[in-house]
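Here the structure is laid out as structure tokens; the discussion comes afterwards.
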Amino acid sequence: MKKNPKALNLELLEVIDKPVTLGFKVNPDVKLKLAKNATQSGMSLSMYVKNILNDKHRFSKKELEELYKSNKLLNERLQIYENATLKSLYSRHKGKNLKYRDVSGENKEILVNDIVDVHNIIINSFKSI
């Protein structure tokens, strides 16, 4: 069986170190806009699109790394609020109406549907320091 020279050879792409050709179709207006921008930048259309794709790939990778760091930090902070004590209080009072006195001394009542409700009751029960 003969290999199709146009078929995508993923194994070769993983080991090859030189640039390869990428071809795709776009609407004429997109190509025209890219060509005009390339000309204004003093580049060929091919080089201009190559730079866009390379920059986007680098940006996406950097953006993902920043998102992972941010996600880790937010999860660490979340663990402070969703600790064992708060979870225990929530499981004991879930679905119940709880009465408490807020910082102004007013009586309040809240239906506990979420762990955030328990957190809010605790926070709003203390007078300002």
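The values are calculated or read from the model by the stated rules, or taken from the named source; none is laboratory data. Everything numeric in this text was worked out from a predicted model, so none of it was measured. Every residue, glycine as well, gets a Cβ built from its backbone with ideal geometry; the counts of neighbours run over all protein chains shown. Just so you know, the surface numbers come from the protein's heavy atoms only, side chains and all, with ligands and any DNA or RNA stripped out. Shrake-Rupley method; radii C 1.70, N 1.55, O 1.52, S 1.80 Å.
For the chain, find the longest principal axis of its Cα atoms and tell me its angle to the long axis of helix 84-93, 0 to 90°, nearest 10.
Computed tilt is about 60 degrees.
So for segment 35-121, averaging the separation of alpha carbon pairs under 8 Å that are six or more residues apart and normalising by length, what relative contact order in percent results? List each step's numbers first, then the result.
Details: 49 pairs, mean separation 15.5, N = 87.
Reported relative contact order: 18 percent.
For the ranges 78-87, 106-115, what's the packing order if you count other beta-carbon atoms within 10 Å of each residue, average per peptide, and put the highest first? Let's see the in-between values first.
Values: 78-87: 10.5, 106-115: 12.4.
Per-residue mean Cβ counts within 10 Å order the peptides as 106-115, 78-87.
Can you work out the accessible area per residue across segment 22-129, with the rest of the protein chains kept in place, probe 1.4 Å, in square angstrom?
Details: 9220 Å² over 108 residues.
Accessible area per residue: 85 Å².
Across all directions of projection, what mean area in square nanometres is found for the Cα convex hull of segment 40-91? Walk me through the numbers before you get to the answer.
Details: hull surface 22.3 nm².
Here the figure is 5.6 nm², rounded to one decimal.
What lysines could a cross-link reach from K62, if we take a straight Cα to Cα line under 26 Å and drop same-chain neighbours fewer than 8 places away?
K18, K50, K72
Looking at [x] 55, 16, 12; [y] 60, 21, 15; [z] 27, 25, 10, which value of semi-axes √(5λ) of the Cα gyration tensor in Å comes from a calculation on the structure shown?
This structure yields the entry labelled [y].
In nanometres, what is the gap between the two model label sites at L45 and V20, each 7 Å from Cα along Cα-to-Cβ?
Result: 2.3 nm between the two label points.
Subtracting the Cα-Cα distance from 0.36 nm times the residue separation, let me have the gained length for H119 to E66 in nm, one decimal.
Details: separation 53, 0.36 × 53 = 19.08 nm, distance 2.91 nm.
Length difference between fully extended and current span is 16.2 nm.
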